[in-house]
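As structure tokens, the structure follows; a few thoughts come after it.
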Amino acid sequence: MEDTLATMGRGGSSALPPIEVGHRPPRTPNGHRPPSDWYSESRKHILLATGTRTLSDTMRYQTTMEIGKSLHRTERGESKVDSALKSKITTTKDLKELLEGALHMIDKELEKMELTKERLDEETNSCNRHLQQNEERRLHRQTRPTREMVHDYPYKLFEAQAIFLHNSYTKYEEKRKEAFDTLNKLNATRQALADDLNDKNSALDLDMKCIGLAPGEGEAPLSQLLFSKQQPFNWSSNTKGTVMEAQLLQAETAQLRRQIARLIQSMKKGEKQQHDLVQMALDRNIAAISRLRDDLHLQLQQVEEEINQALKTKAELEHAIQEKITPLNLTKQRYLTRSQRPNREMVNDEVEHALKMQYDSLNRIVTELQRKLDQVNATLASLFAHKAELEDNIADKEKNYDMDKQCIAMAPSRPATPDCSPDAFTSIFDHENEHLLSTLQYPRKSNSAGVAIPSK
């Protein structure tokens, strides 16, 4: 009997063993059973009933104990689940705050970087315009008269300004490409942060919904249950890694903005210096042209006065020659007339001698006057040639003067004193990232799940 109860207590069959009818003692001829058989059968039924009752009581006790244990395990399991859900919600909220802070930081950096890129685009376009204006001014000065085509100081400064502007444009283009790539990285990082934040919000809503579920709600077949293989450490590390990448990118972007600020400041300062040097050189060149022009005008005036004096001298010489020609011709005519005398009368007398002396004297005078007249004519030709050269030179100087004046007027407006400091451009260059490394350090505290979160 004890073996039967033990077997039933260990989970064996609860059915009673059947009474073995085939082993009963034979009946009497009258059909009566033996008393021993009658008594033993009743006693056996009593024992079997007692055993069954004892077994039933044991099973009820064991069932009650098992129900109590299962309720305790269920309550403990539900408590662990609730505690895990609350811890997970806390961790998710902390990671959500990290993501929201990083997303806000990236949004601000995107806005500042957009403003920086717009400013960089403006400076690039301005530099390109100034480079074109430099080319136009140099081409304009190339149309000067040949006499005025001098490799002067303004020419050298124009060349230096062109090189400076070209280098500035190249540097601006390089920074524009860096800014464009950085904006793409910021947008990609923002999208990653936004996706992670959306996932965290969804997970937080579902975990909150799990806490509020009543028994029997949202039941699903076991075949539809999917269990994640990702470890909690990897889950939180991925989010914190994304936030850390965002902070590193924000620090790199802030450094790039400062580089762009310094570049703009340096280029604007150099552009202003180049502008002032060119304008000053043109002003000095115009002053030099003006002085040379005044000297040429004075010389032209003196040459014209000398021409007038030479013309007067020429007229006097011509008049003197004309005056000497008449007596010279008269003397010659007299001499020729007396040369017709008869041979007997052809005597070298005093008259002959006087006529000869007079003719020689007048002829020498006329020859000398003619020589002087030739000299005056040669001088006049030289004076007129110098006068023409002076007039041409003055005309070239006037044209050169006007062209340099026009060249000054063609200059772009003088660049303002560059000021790209953080105080001057607070909308673009701020003080938030003055210490880059400090932005990468979290004052840390840990929640119950061991996840580090920033302190409020």
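The values are calculated or read from the model by the stated rules, or taken from the named source; none is laboratory data. Since this is a predicted model, take the numbers as computed values, not measurements. Every residue, glycine among them, receives a Cβ derived from its backbone with ideal geometry; neighbour counts consider all protein chains shown. To get the accessible areas, we keep the full protein, side chains included, count just its heavy atoms, and leave off ligands, DNA and RNA. Shrake-Rupley method; radii C 1.70, N 1.55, O 1.52, S 1.80 Å.
Just to verify a number: FRET efficiency for residue 132 and residue 279, C-beta to C-beta distance, R0 = 22 Å, to 0.05? For residue 132 and residue 279, the calculated efficiency is 0.80.
Between residue 70 and residue 111, the simple label model (points 7 Å from Cα in the Cβ direction) yields a spacing of 6.0 nm.
Expressed as a whole percent, the accessible surface of the range 48-165 that belongs to carbon and sulfur atoms is 54, based on a 1.4 Å probe. Label-to-label distance for residue 388 and residue 46 is 16.9 nm, based on points extended 7 Å past Cα in the beta-carbon direction.
Per-residue extension of 0.36 nm, minus the Cα-Cα distance of residue 398 and residue 87, leaves a gain of 102.9 nm for this segment.
Label-to-label distance for residue 143 and residue 378 is 4.5 nm, based on points extended 7 Å past Cα in the beta-carbon direction. Kirkwood analysis of the Cα pair distances in the range 102-186 returns a hydrodynamic radius of 15.3 Å.
How much length, in nm to one decimal, is gained on full extension between residue 160 and residue 238, taken as 0.36 nm per residue of separation minus their Cα-Cα distance? Working shown, then result.
Working: separation 78, 0.36 × 78 = 28.08 nm, distance 5.37 nm.
Roughly 22.7 nm would be gained on extension.
Distance check, please: which entries in 171/399; 112/268; 175/200 exceed 27 angstrom between their Cα atoms?
Checking Cα-Cα distances, 171/399; 175/200 exceed 27 Å.
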